[in-house]
């Protein structure tokens, strides 16, 4: 049996015997720990030599000799000389220096665990004399912490604040690693309807999940009520995640939430998300750009019609572009959008497609010339959320 412990080696003398591949793997962690590393070896790998040249370690170019471990706190014996290893191990025992041996773990007084790090957490795994299993367990734990599938929320030194997380287009696997980890650490999650709903089922029971669409608005506008909820929970000292579909800053009103939090004196971490403007067409094989076909793509919101006085989009200019046009939130106004584009010069037979609930199990796609797209959308009962793609790239998907 071993007794696990974390060594604080900052400023402490550590002696490494041998400058080969084992030392090359172990030295970076010792350097990162702030140890005063003395390497004793006639030669070294180029990487180890670079550590010495860079002043990260001290290097005495010679074989081991008795007395090298004097005043050391920790020793790593990695030479190819069995006799030198045995003598160094005996010296370490005599001076009560914890000693790791790469050639004979049974003769060592310490073993090096398989270690990994994730967001300030160090994972160290020992499985006796099965280093491959140690590495496999370490990798599984680090991966779980990294992706958030292994929940390990913080409980100390956690400042109140909000993480504005882009959840991606719908498939829960398309959220970023950082976004998923923050979800796993949350106390409160305020979620949009278009966020990856399946991820909410994975949250621990103590996490409060608030549907942003059901916040009681009272006399406030919807966005102001959401802002107030974010501020209220953050000021209560909770870790709050605002989970949004796609990317928070692509028609997601994320800037409004960041500004409201800043005005309340609260920090906000923005985690970009995979925007549906690119990922949903990609999920059905439509590239938004393609060599010799489209050298640019434009993303616009279709939540107001082209002739609406609130529209900020220059539809006549868009009609004259040769690149790809991606319309979000445009299903209900597909006819008006097509009419405006055609009226200002976009060919009526321009290939177009509408993709409903892209990247999810409910994904559907319909294709039609621009002039007929609205009719096909209605006939096929395509409903929001859906992405409309207009341009010759639609033909590049094999459809």
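Just so it is clear, none of the values below were taken in a lab; they were calculated from the coordinates. Predicted model, so just to flag it, every value in this text is computed and none were measured. Positions of Cβ are generated from backbone atoms using ideal geometry, with glycine treated the same way; all protein chains shown enter the neighbour counts.
A few comments on the model shown:
- Principal-axis analysis of the Cα atoms of the chain puts helix 334-343 at an angle of about 70° to the longest axis.
- Using the Cβ-Cβ distance between residue 117 and residue 3 with R0 set to 25 Å, the FRET efficiency from 1/(1 + (r/R0)^6) comes to roughly 0.70.
- Within segment 256-371, DSSP assigns beta bridges of which about 60% are antiparallel (rounded to the nearest 5).
- Computed over the chain, the per-residue total of -39500 (n - 2.57) for DSSP H runs of n ≥ 4 gives a 222 nm mean residue ellipticity of -8500 deg cm²/dmol, rounded to 500.
- Centroid-to-centroid separation of segment 234-276 and segment 35-56 [C-alpha atoms, Å]: 46 Å
- Estimated FRET transfer efficiency when R0 is 22 angstrom, pair residue 314-residue 378 (beta carbons, to 0.05): 0.20
- Spin-label model, residue 290 to residue 50: label points 7 Å out along the Cα-to-beta-carbon direction sit 4.3 nm apart.
- DSSP-defined antiparallel bridges as percent of all bridges, the chain, nearest 5: 35 percent
- Site pair residue 304 and residue 65 shows an inter-label distance of 8.4 nm when each label is modelled 7 Å from Cα along Cα→Cβ.
- DSSP-defined antiparallel bridges as percent of all bridges, segment 161-271, nearest 5: 5 percent
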